[in-house]
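Report on one structure; see the data block that follows.
The values are calculated or read from the model by the stated rules, or taken from the named source; none is laboratory data. These figures come from a predicted structure and were not determined experimentally. Counting neighbours? That spans all protein chains shown, and the Cβs are built from the backbone with ideal geometry, glycine included.
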Amino acid sequence: MDYIINTKGLSYSYHNGQKALFDVNIAIKPGEKTAVIGSNGSGKSTLFLCLNGINKPQKGDVFFKGNKIDYSSKGLLNLRRSVGIVFQNPDDMIFSSSVRQDIAFGLLNMGFSNSQAEEKIKSISKFLNLEGLLDKPVHELSGGEKKRVSLAGVMVMEPEVIILDEPGAYLDTLNAKTVYKIIDSLSQKGKTVIISSHNMDFVLNWADSVIVLKEGKVVFNGRTEDLFLNNELLNFAVLDEPQIIKIYNMLINKGVIEAGAPVPKNITELEMLIK
Ligand SMILES: Nc1ncnc2c1ncn2[C@@H]1O[C@H](COP(=O)(O)OP(=O)(O)OP(=O)(O)O)[C@@H](O)[C@H]1O
Ligand SMILES: [Mg+2]
């Protein structure tokens, strides 16, 4: 099996001695939709920073397309063209003075001309509702606006692998919907998308497979529906059952639907079971 990203025996500790990841072995196939979930402090962001070379593990290895990450500056530059990451906190990634400059930064670094970059900026800004903000200084934006600028900066580069650390955080309903639409369109284009989220209904509906972290260790790695039907594991990892699964189990208990009926991923699929 060819994986686009995998890790072997990855362990990571921060400089202050805080241990964050222990012997993490994961393998992600090209085009797959993977959710990484777990409580606050379980290691999701740390893992993401290892996957695109920002964090260098003290033990174990990270592979991109079967090759160990090359941590030289040239190697990392190449890797980051293929593996883009949108940080959890937008303040960690925005550093240019205007929104336009910020979104353009990666494109110009990749060798696009000013006019090519401008074209791409126009289209992503339209999509992410940023058109009126392009000439504003980034430090004058709201949290949600900054989050959308940081999403635009990575999405505009269309990397093969896109890692989104809590993409819905800071966003209102409308903008969160737009972001989820963009995420879907990335998957449809065949991109590999890895997301962390605390929204279990979103994870159930979106992800092909799930990696669950607890205190820096992988405690589940498999199909989304297998996780959400496993109450013991959900309790162990302190994860909520998605609302859809709660209703599905309730309808089975009441005899409305048969035990073993296909697990619905969203309200439409649940409704079809009842019909
Ligand atoms: N820069 C840092 N320096 C030292 N320790 C850190 C740093 N960043 C995170 N940690 C610690 O590493 C562990 C994992 O943190 P991480 O940010 O990866 O968790 P997370 O799963 O992303 O949590 P959240 O859901 O809150 O975003 C935690 O114990 C945290 O306190
Ligand atoms: Mg995090």
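For the range 164-179, the set of residues classified as within 16 Å of ligand 2 (Cβ to nearest atom) and surrounded by fewer than 19 Cβ atoms within 10 Å (Cβ to Cβ) consists of 169 only. Identification of strands (runs of 3 or more DSSP E) wholly contained in the range 1-109 with 1 or more residues that are of a type in the set (Lys, Arg) yields 5-13, 19-24, 33-37, 59-64.
Residue pairs whose Cβ atoms lie under 9 Å apart, sitting 6 or more positions apart in sequence or on different chains, and linking a residue in the range 219-237 that is touching a residue at least 24 places away in the same chain (Cβ under 8 Å) and crowded, with 19+ Cβ neighbours inside 10 Å to a partner that is among the hydrophobic types (A, V, I, L, M, F, W, C) and part of a strand (DSSP E or B), are 224/35; 224/210; 228/210; 237/37; 237/212; 237/213; 237/219; 237/220. Being crowded, with 19+ Cβ neighbours inside 10 Å, out of contact with any helix residue (DSSP H, G or I) (no Cβ under 7 Å at 6 or more places or on another chain) and more than 18 Å from residue 40 (Cα to Cα) is not true of residue 268.
Considering only the range 106-116, I want to know if a residue exists there that is over 19 Å from residue 183 (Cβ atoms), within 13 Å of ligand 1 (Cβ to nearest atom) and surrounded by fewer than 20 Cβ atoms within 10 Å (Cβ to Cβ).
No, there is no match, as no residue in the range 106-116 is over 19 Å from residue 183 (Cβ atoms), within 13 Å of ligand 1 (Cβ to nearest atom) and surrounded by fewer than 20 Cβ atoms within 10 Å (Cβ to Cβ).
The residue of the range 246-275 that is modelled with the lowest pLDDT, among those that are part of a loop (DSSP other than H, G, I, E, B) and within 32 Å of the chain's Cα centre (by Cα), is 260. Inside the range 1-27, residues that are surrounded by 22 or more Cβ atoms within 10 Å (Cβ to Cβ) and β-branched (Val, Ile, Thr) make up a count of 3. Of all residues in the range 26-49, those that are in contact with a Leu (Cβ under 8 Å, 6 or more places away or on another chain) and either of a type in the set (Asp, Glu) or within 10 Å of ligand 2 (Cβ to nearest atom) (or both) total 7.
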